[in-house]
Amino acid sequence: RIMKLDDKLIKDILIWCEENLPNDQNSYLTDEIQIEKFTHSQISFHFYLLISNGYIDAIDASCSRSPYSHIPNNLSLYGYELLNLMRNKKTGENVKNFIHEIGLKTYPVILNYLFTNWDLISKILGK
């Protein structure tokens, strides 16, 4: 079965991480996390995409039976920034289109550029 990138699931996973991590009492396997209206395969795969592209810090717990299994520790700065952008209705739609256009892999590079050059960008924007 072909897995498709789902923006709502990406946002739901980031929200789940924000609400549940870090957690000193419990560890969660991505295979065990439930998000309404999505299968375990979809959730694990999207976690894998977010982890492998730097949005979530996690420990690899994959095996032949479960190739996308991880233990998420926390959102990265990029994960928090992506979630904040996705929450904003105006920019949320732009972010969704942007992710589909350039892919998840390029997004942290662009965020890093924005963070490092924020003074210059603020002057250009007049803020």
Counting only other residues whose beta carbon sits under 9 Å from that of Phe38, what net charge do I get with K and R as +1, D and E as -1? -1
For the stretch 26-92, which GluC sites (Glu not before Pro) pass both filters: DSSP loop (anything but H, G, I, E, B) and at most 12 other C-beta atoms within 10 Å? Glu32, Glu36
Of Ile2, Ile35, Ile59, which has the most accessible area with a 1.4 Å probe, and how do the rest follow in descending order? Ile2, Ile59, Ile35
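The values are calculated or read from the model by the stated rules, or taken from the named source; none is laboratory data. Predicted, not measured: the structure shown is a model, and the values here were computed from it. Reconstructed Cβ throughout: ideal geometry from the backbone, glycine too, with neighbour counts over all protein chains shown. Surface accessibility is based on the protein's heavy atoms, side chains included, excluding ligands, DNA and RNA. Shrake-Rupley method; radii C 1.70, N 1.55, O 1.52, S 1.80 Å.
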